[in-house]
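Below is one structure, written out as structure tokens; comments come after it.
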Amino acid sequence: MSESIIELEKKLASVLANSRANEAIAQKLFEIETQILSCKSSQELLQQLLALIKDKFNLTGIFLLLAEPTPLSYLLSGNMQTNWHQKNSRNIDFKLLQSFHPQRKPFLTNHIDDIKAILPKNLASQTHSAALTPLILEGELFGSLLFTDSDPTRFTPNLGTLHLEQLAVKVSLCLSNAMIREQLEYMAHYDRLTGVANRRLMEVSINEELIRQRRYKVPFSVLFIDCNKFKQVNDTYGHDCGDKVLTYVATQLQELIRENDKCFRYAGDEFVITLASQTYQEALLACKRLTDFFQNNPMPYQGSFLPITISCGAAASDGKKTMDELLKQADEQLYLHKKAVTA
């Protein structure tokens, strides 16, 4: 057999081997895509995706890197991040992320010093090669999937990246769809300015508490709160300052109440707090504790402090009042409190 025929057979065998390998990779990617398409949340999608990729491709580790600041406002806002997100993803400087993907292509290396700045500590000791796969949506680079392996020959700069690019496109679209759904759901139930639950969620929560109170005879109270002289703050310092006041009040209220109590933005500068298993007398004590806090803790503003105070009214359910009646009673008590303070 001539030498040229032997070389031809070797090349053909190599092509066939590559074809089989590519077919196997394509099959694995198809299986991953099929499973993540049914995910209904970004957390579920990421959990499935990271676990499937790590398992099917026998990787040492996998991590999600997100650009900070994000070029896409609906992606993983601070209020939406869960403990799982925080453990399996991290924010990295947008310019640093761009430096790995100047042409929006995967970055492969077996020189770990190249990625030392972004490598999670729990993966550092086991990583001897890595691949960064860019995630792009609406023409913007918003993140990267970091694949790591203990084998220094697994990811090298001369390897082809076609399959990684295909995976990146599919992951980008699936992740975006899940996050857009979450953002829409979040916007339907939470106030975007202050981060507290909105009036719609308040109505659901109070009605559930009233049903529980009537069924099990446990006490239930609500607080109605507004900011004193809020219009004056807006007129004097501007609406940006007014927004900061509302955010400050909402943040402090959430930190001051118990874990099973809930804070809602009712409208404008008005907030409602539900006090599970609390009597009217306990609700009055809560009113005093909250008003005293703001009296003694002015809001830091432009290198100084801005006095911010609140008025608070309480009402307790007797098992007969409707939600509207309960809120009206608390609002009337708030008005009496405000009148007494400003008299």
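What the table below lists for this structure:
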{"item": "Long-range neighbours under 8 Å by Cβ, at least six apart or interchain, first residue of a type in the set (Lys, Arg) within region 177-203, second open to solvent by 80 Å² or more (accessible area, probe 1.4 Å)", "result": "Arg181/Lys40"}
{"item": "Selection within region 127-153 - in contact with a strand residue (DSSP E or B) (Cβ under 9 Å, 6 or more places away or on another chain) and part of a loop (DSSP other than H, G, I, E, B)", "result": "Thr127, His128, Ser150, Asp151, Pro152, Thr153"}
{"item": "Count - residues of region 243-253 that are open to solvent by 10 Å² or more (accessible area, probe 1.4 Å) and either more than 12 Å from Ile225 (Cβ to Cβ) or part of a strand (DSSP E or B) (or both)", "result": "5"}
{"item": "From Ile180, Ile206, residue being crowded, with 17+ Cβ neighbours inside 10 Å, out of contact with any Cys (no Cβ under 9 Å at 6 or more places or on another chain) and among the β-branched types (Val, Ile, Thr)", "result": "Ile206"}
{"item": "Inter-residue pairs, beta-carbon under 8 Å, first free of Cβ contacts under 8 Å to residues at least 24 places away in the same chain and surrounded by fewer than 18 Cβ atoms within 10 Å (Cβ to Cβ) and in region 294-317, second outside any strand (DSSP E or B) and among the aliphatic types (A, V, I, L, M), 6+ apart", "result": "Pro298/Ile308"}
{"item": "Condition broken by Asp113, with the remaining ones in (1) outside any loop (DSSP other than H, G, I, E, B); (2) under 22 Å from the mean Cα position of the chain (by Cα) satisfied", "result": "(2)"}
{"item": "In region 154-176, residue farthest from Gly268 (Cα to Cα) [restricted to those that are in a helix (DSSP H, G or I) and without any contact (Cβ under 8 Å) to a residue 60 or more places away in the chain]", "result": "Leu162"}
{"item": "Whichever residue in region 322-343 is over 21 Å from Asn234 (Cβ atoms) and surrounded by 16 or more Cβ atoms within 10 Å (Cβ to Cβ) and, among such residues, is modelled with the lowest pLDDT", "result": "His337"}
{"item": "Residues located in region 265-293, provided they are under 17 Å from Ser205 (Cα atoms), in contact with a strand residue (DSSP E or B) (Cβ under 9 Å, 6 or more places away or on another chain) and either of a type in the set (Lys, Arg) or exposed (fewer than 14 other Cβ atoms within 10 Å of the Cβ) (or both)", "result": "Arg265"}
{"item": "Search result, residues across region 210-231 that are open to solvent by 30 Å² or more (accessible area, probe 1.4 Å) and farther than 21 Å from Val245 by Cα", "result": "Ile211, Arg212, Arg214, Arg215, Tyr216, Lys217, Val218, Pro219"}
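The values are calculated or read from the model by the stated rules, or taken from the named source; none is laboratory data. Here the structure is a predicted model, which means the values were calculated and not measured. Counting neighbours? That spans all protein chains shown, and the Cβs are built from the backbone with ideal geometry, glycine included. Calculation scope for accessible area: heavy atoms of the full protein, side chains included, ligands and nucleic acids excluded. Shrake-Rupley method; radii C 1.70, N 1.55, O 1.52, S 1.80 Å.
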